[in-house]
1. Summing Lys, Arg as +1 and Asp, Glu as -1, what charge do residues with Cβ under 14 Å from the Cβ of PHE409 carry, PHE409 excluded?
2. ASP124 versus LYS299, label points 7 Å from Cα toward the beta carbon: distance in nm?
3. I need ILE253, ILE410, ILE138 ordered by Cβ neighbour count within 10 Å, fewest first.
4. Starting from the Cα of LYS170, draw a straight line to each of the lysines and keep only those under 22 Å, dropping any in the same chain fewer than 8 residues away.
5. Sort MET265, MET281, MET168 so that the residue with the fewest other Cβ atoms within 10 Å of its own Cβ comes first and the one with the most comes last.
6. Grab the DSSP H runs of the chain that are 4 residues or longer, score each as -39,500 (n - 2.57), total them, divide by all residues and round the 222 nm result to the nearest 500 deg cm²/dmol.
7. Let me know the volume per residue of the alpha-carbon convex hull for region 261-362, in Å³.
8. So between ARG236 and HIS185, what do we pick up on full extension, going 0.36 nm a residue minus the alpha carbon distance?
Amino acid sequence: MSGRMRGGCLAPLTECTTSARDAQVAALLLSCGLRIFHCVIAPTRTVSLSESHHGEAFMNEPLGLPIEQESISPPERIDLIVVKLPFVHPFGTSVQVWTHKEALLLRYEGGGVVAWSECVADPDPYYLSETTGTVRHILREFLLPALVAGSTLGGVMTTCRHVRGHEMAKATLENALVVALALEHNVPLHTLLGCPERKIPSGISIGLRDTCAELLDAVESAVERNYHRVKMKIKRGKDVEWVRAVRERFPDIQLMVDANGDYTMHDAAHLRQLDAFGLTMIEQPLSYSDIYQHSLLQKQLRTPLCLDECLHGIDDVAAAIALDACRIINIKQGRVGGILESIRIARYAKDHNIGVWSGGMDETGIGRALNIHLQTADGFSLPGDTSETRNYFTEDIVDPPVVLDRHGFIGIPPGPGLGVSVDPDRLLKYMIHAERII
Ligand code: OSB
Ligand code: MG
């Protein structure tokens with residue numbers, strides 16, 4: 001790591017061209033002393049489009065967006081970088097407490113632009129089964145080889161669908177390609193997606209706290225900052241009484257709970273008590289892999305259920321809606337394989353009168369910016385888990401940070417692509433691994 005980098009005298013790294021800033025990051029990756037692997041992309045692993053269309057199910061149909069026809073510029077360089085940033089407050093769910101955000105980033109250089117994407121996987125399998133380790137493996141061995149000369153975006157992603165599961169890995173590649181296209185066209189990502197600019201409502205996800213008093217303090221500060229809705233994590237033993245306390249103190253806020261799968265149908269009578277508090281929804285009360293039992297539970301509750309962990313693509317969403325397993329869905333673009341599948345799901349849900357919001361994974365500013373652009377798409381009808389940078393990090397790796405306006409809205413970062421730029425000093429400060437693929 002060079003003294004120059006530490007000095008902070010470099011101009012911020014712009015996304016939109018292969019500028020001096022990008023060259024600095026490239027030089028930094030080579031000079032940082034971390035392990036850098038080189039591996040050869042094997043184009044022989046791809047499957048032709050006509051072959052891949054044979055016998056496909058609903059999930060594998062093309063989306064029909066014009067950008068799927070766009071040609072991908074061949075990558076000149078691809079790096080996988082892992083950063084680890086401390087949270088300002090540990091983030092707890094019913095399953096795990098995270099003290100840091102460890103995120104895999106993909107840096108894609110080609111066609112005269114540098115595009116970044118952030119994978120939503122954690123280093124551990126305590127949200128879903130994918131991890132930063134499995135994503136690196138799947139990207140290197142199976143997804144990046146789909147990048148062959150002359151491919152369209154749709155063609156690459158169709159080839160990638162031959163890989164079963166691994167939605168977070170697929171999303172990491174797809175999002176990088178989509179951002180690269182936006183940069184090549186010199187337009188903001190939402191414009192490339194055909195979505196007009198709009199202000200994005202905010203929502204905050206408050207992790208499990210040790211005491212109810214601490215939870216009340218956290219809710220109070222969110223209400224003071226004008227968040228449009230507040231989500232509190234619950235688990236067995238920290239649920240009905242804690243919700244009652246929050247509701248008594250804040251009778252008018254849009255309030256919801258997220259159990260991350262902590263309950264079973266044996267808890268149905270207990271969960272029915274939550275109907276008394278006017279919650280906007282109860283998110284994933286039952287197992288991370290269940291849809292059917294949620295449909296049984298929904299019949300016993302007035303409060304709408306919202307599904308998160310168990311929805312991995314439009315087929316799961318269609319099943320959940322057909323079974324009346326939920327009235328609202330949380331779309332995490334990483335969990336469903338990327339921004340294009342997210343747009344398709346939002347449209348489908350809207351057509352079926354199902355509320356939609358954009359979930360978060362405590363992302364750095366790269367993933368956060370993508371989620372903001374995504375929420376301009378048709379169908380996103382409810383405030384999501386998109387909150388200010390300062391809730392997570394004292395400093396982030398990108399500029400500008402996400403802030404709320406006076407009315408609790410979030411603006412779309414201006415400029416081409418994601419509209420945020422990676423700061424080389426902070427990237428270096430938080431980088432724990434770098435691997436050059438091409
Ligand atoms: O269930 O939505 C979840 C974070 C990590 C894992 C799972 C979840 C969450 C969040 C945080 O709720 C949402 C955010 O603020 O980004
Ligand atoms: Mg959730």
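1. Working: positive: ARG198, LYS199, ARG225, ARG229, ARG406; negative: GLU197, GLU388, ASP405.
Computed value for this residue: +2.
2. 3.7 nm
3. Details: ILE253 18, ILE410 24, ILE138 21.
Least crowded to most crowded, the residues run ILE253, ILE138, ILE410.
4. LYS84, LYS101, LYS332
5. Details: MET265 16, MET281 24, MET168 31.
With the sparsest Cβ surroundings first, the list reads MET265, MET281, MET168.
6. Values: 15 runs with 134 residues, N = 438.
Calculated at 222 nm, the ellipticity per residue is -8500 deg cm²/dmol.
7. Dividing the Cα hull volume of region 261-362 by its residue count gives 92 Å³.
8. Working: separation 51, 0.36 × 51 = 18.36 nm, distance 5.00 nm.
Full-extension gain reported as 13.4 nm.
Each reported figure results from applying straightforward, stated rules to the coordinates on display, with no laboratory input. Keep in mind that what you see is a predicted model, and the values were worked out from it rather than measured. Cβ: placed from backbone, ideal geometry, glycine included. Neighbour counts: every protein chain shown.
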